[in-house]
Structure formats: C-alpha cells, structure tokens
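This report concerns only the one structure given below.
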Amino acid sequence: MAIDGIGTLGVVGAGQMGGGIAQVAAQGGYRVLLADASEELAQAGIQRIGKFLSRAASKGRITEDDVSEAMGRITPTSDLTSFSEVDFVVEAVSENFGLKASIFETIDGVAKPGAILASNTSSISITKLAAVTSRPEEFIGMHFMNPVPIMKLVEVISGLRSSDETLRTTVALAESLGKTCVEAKDFPGFAVNRILMPMINEAFYTLYEGIATAEGIDAAMKLGTNQPMGPLTLADFIGLDTCLAIMEVLHDGLGDTKYRPCPLLRQYVEAGLLGRKNGRGVYDYSEKG
C-alpha cells in the first residue's frame, strides 16, 4: 500500500534493475514514470515487465486484473523534464559515476521541492553523488537486489548530509513494497558488496590460477557452503562489467590490495564477455535463451 506523501515514482533506467523497481512500485499502488535514453528502450522495459507479470498470473500468484492495474500505472518516457511531477526518484543506470551524476544534475533542476532523489548504486559514494545536487539532505542510497520482484532486501545508505526524514521516508517506501531494509554506512561497497564482490573476485583468481574449473568452483561453493548458486554463475547473472566496476570502486576507495580486480575478470570484460545479458560470460548462454 502506497505511503502518504508519495504518489508518483520516477525510475531512471528501464533495464533489469530499473524495470524490476518500476514493477514492484506499480504493484505497490504507485504511479511510475519509467525513463530511459529513448522511448523505444523505455517501452522495451515495460514489455519485459508485462511478460514477468503475465508469467506470475499464469502460475496463479496474481490475477489478470492485478496485471492490468499494475501495467496501467507505468508510463514510459525519454524526457527527464517530465520528472517535475514525481515525489521520489530512483536512479538505476549502469555503475558509472559520471553518468549517474549527469542524470541527477538534470533531475535536480526539474524535480519539485521536497522530492527525494535515490540512487540504486551498488558501490558508489552516496555523499559524492548527493554533492552534484542542490538537495543533499534529500538524497539517499536505495540499493535493491536482483531480481527486484523476488529479492526481499533493500540496502539503505545515508550520505553525510542525508536527513533523518529522508531516511525514514525511504525505509517506509521500501517496506510498503514488501521489502526488508538494512541500513549501511556510506563506505565503498556498503555492506552487501563489501562482502560479496571479494568472494566473486577470489573465485576468478581460483579459476585464473587453475586451482579448479569454473564448474568445480561453483559446485564446491554450492555443495560445500550451501549457496543457491556458485560465485561464477552469480557473477554472470550480475554482469561481469558490473562486478569489475564494483571491485574498482572498492580498490580505489579503500586502497587495499586485497580488493585488486582479478586480471581474468578484467580480461573477460575487455573481451565483451559480460554474462547472461549478452549471452556469454564465464559460461555460454547463447543456446539457453
């Protein structure tokens, strides 16, 4: 159920993460403006949401009326000036500070007073992003997990100047979407990726040094530590470029050699082998759909 004071969300980025955020917001009763670089990309994001909801309806998890109502709440756009009417913004573009900063500078110039700006960044400083806007007190990190409709966690990160009211509103919004919040401090990687990404990076070192095959590494971690999927499979799911970007943030921000990205991970990214999203990463998905 939507919370008081927030009727419309603006979501920037209609890919896997942004689309998932738009979906759960629409299902939660919020009106959503879903933005991407072009109208076609935004429409493609909405089509993916429709397919996901239709599958859920076919399995009896939701009704066809639920699908129609949720889809009716989402409007595609490629024009960020339309965000003048939103109450809360969640940015969910690729893990690149310059791109995110440019988007927030634009939105800050059009968003109404009191609108909260949130980044779904998985590692970049919230304080640094907030500083490009005129409203650092109303800026916060809201890190959803992938896939958004399924994963229950939202990591909430206050920047140095984020207000208590912004934090309370963000937690209330996440909880209204059926999520559980964990607050983390604004340090590189926050909590989840500070722990997760070094494990994935170490899995690449294990592969790089020939200690075990990719299949062996994943089987060992699944069967030996009861993880639902192995770290290399998970890296492909996240995107190897995203994993590399986060490791670079950890390495640069913390200055410790234990966060140095594995050369093999970097080589995969340089070769354009990014994981599931483009059909090939550590594993080949080209025939798996």
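How many residues are surrounded by 18 or more Cβ atoms within 10 Å (Cβ to Cβ) and in contact (Cβ under 8 Å) with a residue 40 or more places away in the chain when one looks only at region 57-72?
Residues flagged as surrounded by 18 or more Cβ atoms within 10 Å (Cβ to Cβ) and in contact (Cβ under 8 Å) with a residue 40 or more places away in the chain within region 57-72 amount to 1.
Name the residue that is modelled with the lowest pLDDT, counting only residues in region 96-124 that are assigned to a loop (DSSP other than H, G, I, E, B) and surrounded by fewer than 21 Cβ atoms within 10 Å (Cβ to Cβ). Before you say what the answer is, go through the steps one by one.
Of region 96-124, the ones assigned to a loop (DSSP other than H, G, I, E, B) are 96, 111-115, 120-124.
Going one step further and asking which of them are surrounded by fewer than 21 Cβ atoms within 10 Å (Cβ to Cβ), we end up with 96, 112-114.
On the way: ASN96: 93, LYS112: 96, PRO113: 96, GLY114: 96.
Result: ASN96.
Counting just the residues of region 5-49 that are touching a helix residue (DSSP H, G or I) at 6+ places or on another chain (Cβ under 6 Å) and in a helix (DSSP H, G or I), which one comes out surrounded by the most Cβ atoms within 10 Å (Cβ to Cβ)?
For region 5-49, the residue satisfying everything is GLN23.
In the list LEU240, LEU234, which residue meets the criterion of being among the aliphatic types (A, V, I, L, M), under 25 Å from LEU254 (Cα atoms), surrounded by 22 or more Cβ atoms within 10 Å (Cβ to Cβ) and modelled with pLDDT of 95 or more?
Numbers: LEU234 fails: surrounded by 22 or more Cβ atoms within 10 Å (Cβ to Cβ).
Sole residue among the options that is among the aliphatic types (A, V, I, L, M), under 25 Å from LEU254 (Cα atoms), surrounded by 22 or more Cβ atoms within 10 Å (Cβ to Cβ) and modelled with pLDDT of 95 or more: LEU240.
Of (1) touching a residue at least 60 places away in the same chain (Cβ under 8 Å); (2) out of contact with any helix residue (DSSP H, G or I) (no Cβ under 8 Å at 6 or more places or on another chain), ILE103 satisfies all except one. Which?
(2)
How many of the residues in region 234-266 are charged (D, E, K, R) and either farther than 22 Å from LYS128 by Cβ or outside any helix (DSSP H, G or I) (or both)?
Let us first name the residues in region 234-266 that are charged (D, E, K, R), namely 236, 241, 248, 252, 256, 258, 260, 266.
Those left that are additionally either farther than 22 Å from LYS128 by Cβ or outside any helix (DSSP H, G or I) (or both): 236, 256, 258, 260, 266.
Result for region 234-266: 5.
Among the listed residues GLU138, GLU155, GLU165, identify the single one that is surrounded by fewer than 20 Cβ atoms within 10 Å (Cβ to Cβ), in the same structural domain as VAL24 (by TED's automatic domain parsing) and free of Cβ contacts under 8 Å to residues at least 60 places away in the same chain.
On the way: GLU138 fails: surrounded by fewer than 20 Cβ atoms within 10 Å (Cβ to Cβ); GLU155 fails: surrounded by fewer than 20 Cβ atoms within 10 Å (Cβ to Cβ).
Selected residue: GLU165, the only one of GLU138, GLU155, GLU165 that is surrounded by fewer than 20 Cβ atoms within 10 Å (Cβ to Cβ), in the same structural domain as VAL24 (by TED's automatic domain parsing) and free of Cβ contacts under 8 Å to residues at least 60 places away in the same chain.
The values are calculated or read from the model by the stated rules, or taken from the named source; none is laboratory data. Not measured: the values here are computed from a predicted model. Glycine gets a Cβ as well: all are built from the backbone with ideal geometry, and neighbour counts include every protein chain shown.
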